[in-house]
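Below: the structure, in structure tokens.
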Amino acid sequence: MIIVTNKTSKPVRCAAIEFVPGENKFNDADLSPGKLAQVKNHPSLKHVSVEDRAVESKAKGAK
């Protein structure tokens, strides 16, 4: 599972995904290497990979 944290108080759009404020959870397969690279380079987003578990994403534009 990948958790992307939006540190702002407003939604952030990056890699064709809208990240809501706070934590946005994704399955590993939901973010391609290209999208993950864009997220890693965005100043308002922080990501971590954690133990693989199935999740339902709240972010718009994810698989």
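Side notes on the structure shown:
- The residues of the range 1-35 that are within 14 Å of Val48 (Cα to Cα) and part of a strand (DSSP E or B), listed by number, are Ile2, Ile3, Val4, Thr5, Asn6, Gly22, Glu23, Asn24, Lys25, Phe26.
- Checking each residue in the range 38-52 for being touching a strand residue (DSSP E or B) at 6+ places or on another chain (Cβ under 6 Å), modelled with pLDDT under 95 and either over 14 Å from Phe26 (Cβ atoms) or not hydrophobic (A, V, I, L, M, F, W, C) (or both) picks out His47, Ser49.
The values are calculated or read from the model by the stated rules, or taken from the named source; none is laboratory data. Nothing here was measured: the structure is a model prediction, and the numbers come from that model. Note that we place each Cβ from the backbone using ideal geometry, even for glycine, and neighbour counts take in every protein chain shown.
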